[in-house]
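A.B. asks: First, the structure itself, so that you have it in front of you.
FYI, it's all coordinate maths here, none of it is from the lab. Just so you know, these numbers come straight off a predicted model, no measurement behind them. Please note: Cβ atoms are built from the backbone with ideal geometry, for glycine as well, and neighbour counts cover all protein chains shown.
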Amino acid sequence: MGYTVAIILLALPIVFSGCKKGDEDPFLTFRSRKARLCGTWTVSNLNSEIVRKENNISTKTVTTVEDGSWKQVITIPSSDSTRTLTGKIAIDPGQEEGTYTFFFDKNGVAKMVYKYEFDEDQSGEDDDASVIHRTEVTEEMTGSWEFLSGIDNEYKNKERIAFIIEEQKTTTKVSEIISSDDEGGAVIPRTISTNVASDRYAKGELSIVYNIVELRNKEVKLHQDVNRFHLSAQNTTSETYQENGHEDLTLKLRK
């Protein structure tokens with residue numbers, strides 16, 4: 001019996017280390033990677049840095065999400081021009097956490113919902129009233145997910161996940177809020193514009209690949225490398241742009 005127990009104890013690190021794929025994964029876990037990933041997750045932190053080069057002009061966009069706050073800084077290095085937008089992750093009625101969620105089902109169903117809003121002051125120096133433009137954005141992606149197999153020594157088996165997008169929809173609503181010191185009562189926003197963009201894809205036509213940095217029971221860390229190139233030409237005119245950067249996300253299991 002003593003020899004049997006000793007053999008089991010020696011074998012445990014070998015068995016469970018096979019579940020450790022990401023650099024920050026737990027060394028010992030009794031749950032499979034699929035069981036740990038399935039569920040509804042809230043994005044608690046995001047850091048995205050994308051440089052877009054178009055017509056020899058580079059634009060750098062840094063987007064951060066931290067505990068419900070949302071911020072985006074857009075700079076044009078060649079002109080020292082900077083635009084800073086600050087806002088928050090929207091919270092749906094009846095919910096305690098913000099609506100920036102990922103859902104992974106054990107049968108391969110996947111969904112992402114991302115809602116955020118930000119205000120911009122449009123008041124003039126001579127205006128008697130305060131004029132605020134509020135932009136509300138809702139991004140939704142539905143489809144399926146699957147682990148990817150390893151590639152030589154570059155990636156381990158199940159170290160990456162593919163979010164295969166079948167439907168993508170973005171709704172952008174801009175409202176105007178005018179208020180002055182003389183006005184009383186609540187100020188009702190007036191809708192200026194609403195734009196809806198919706199796309200559908202065949203399964204496998206469009207996907208996002210994330211590297212799984214950490215996969216725990218209540219926390220997931222994902223990393224995405226961005227490297228896109230676009231070229232379109234018609235007669236003597238052409239359009240081309242390139243985007244490079246990365247996106248890092250920390251997901252917490254939704255309460």
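A.B. asks: Longest span of the chain, sites excluded, free of chymotrypsin sites (Phe, Trp or Tyr not before Pro) in DSSP loop with at most 13 other C-beta atoms within 10 Å? Kindly include the intermediate steps, with their values, before the conclusion.
C.D. replies: Working: sites that count: PHE27, PHE30.
Maximal segment without exposed cleavage sites: 31-255.
A.B. asks: Still on this structure, please answer the following. Mind checking the stretch 43-107 for trypsin sites (Lys or Arg not before Pro) that DSSP puts in a loop (not H, G, I, E or B) and that have at most 10 other Cβ atoms within 10 Å?
C.D. replies: Values: sites: ARG52, LYS53, LYS60, LYS71, ARG83, LYS88, LYS106; in loops: LYS106.
Loop-located and lightly packed - LYS106.
A.B. asks: P(r) tail for the stretch 201-255, what percent of Cα pairs lie past 12 Å?
C.D. replies: 75 percent
A.B. asks: Let me ask something else. Given the options LEU231, LEU215, LEU85, which has the most mean-square fluctuation in a GNM of the chain, springs set between C-alpha atoms less than 10 angstrom apart?
C.D. replies: Largest GNM mean-square fluctuation: LEU231.
A.B. asks: Can you pull the Rg over Rh of the stretch 79-190, Cα-only, Kirkwood?
C.D. replies: Across the stretch 79-190, the Cα-based Rg/Rh ratio is 1.18.
A.B. asks: Another question, then. With the convex hull built on the Cα atoms of the chain, state its orientation-averaged projected area in nm². Working shown, then result.
C.D. replies: On the way: hull surface 86.0 nm².
Quarter of the Cα hull surface area: 21.5 nm².
A.B. asks: Cα convex hull of the stretch 131-199: mean projected area in nm², to one decimal? Display every interim value, and only then the final one.
C.D. replies: Numbers: hull surface 31.7 nm².
Quarter of the Cα hull surface area: 7.9 nm².
A.B. asks: Now for a separate question. Each residue of the stretch 53-65 in turn: what ³J(HN,Hα) in whole Hz from Karplus with 6.51, -1.76, 1.60 and θ = phi - 60°, glycine and Pro shown as x?
C.D. replies: Running phi through 6.51 cos²θ - 1.76 cosθ + 1.60 with θ = phi - 60° gives 10, 9, 6, 6, 10, 9, 10, 9, 10, 10, 10, 10, 10 Hz.
A.B. asks: How much net charge surrounds SER193 when only the other residues with a Cβ under 15 Å from the Cβ of SER193 are counted, with Lys and Arg +1 and Asp and Glu -1?
C.D. replies: Numbers: positive: ARG134, LYS173, ARG190; negative: GLU117, GLU120, GLU136, GLU176.
For residues surrounding SER193, the net value is -1.
A.B. asks: Let me ask another. Using just the alpha carbons, could you tell me how many Å³ per residue the convex hull of the stretch 104-255 encloses? Write down the numbers at each step before the final one.
C.D. replies: On the way: hull volume 33.8 nm³, N = 152.
Convex hull volume per residue, Cα atoms: 222 Å³.
A.B. asks: Can you tell me how much longer the chain between VAL62 and PHE229 gets when fully stretched, taken as 0.36 nm per residue apart minus their C-alpha distance, in nm with one decimal? Present the calculation step by step, with values, prior to reporting the outcome.
C.D. replies: Details: separation 167, 0.36 × 167 = 60.12 nm, distance 1.92 nm.
Computed gain between VAL62 and PHE229 is 58.2 nm.
A.B. asks: May I ask you to derive the relative contact order of the stretch 87-217, considering only C-alpha pairs under 8 Å and at least 6 residues apart, and to give it as an integer percent?
C.D. replies: So the answer I get is 20 percent.
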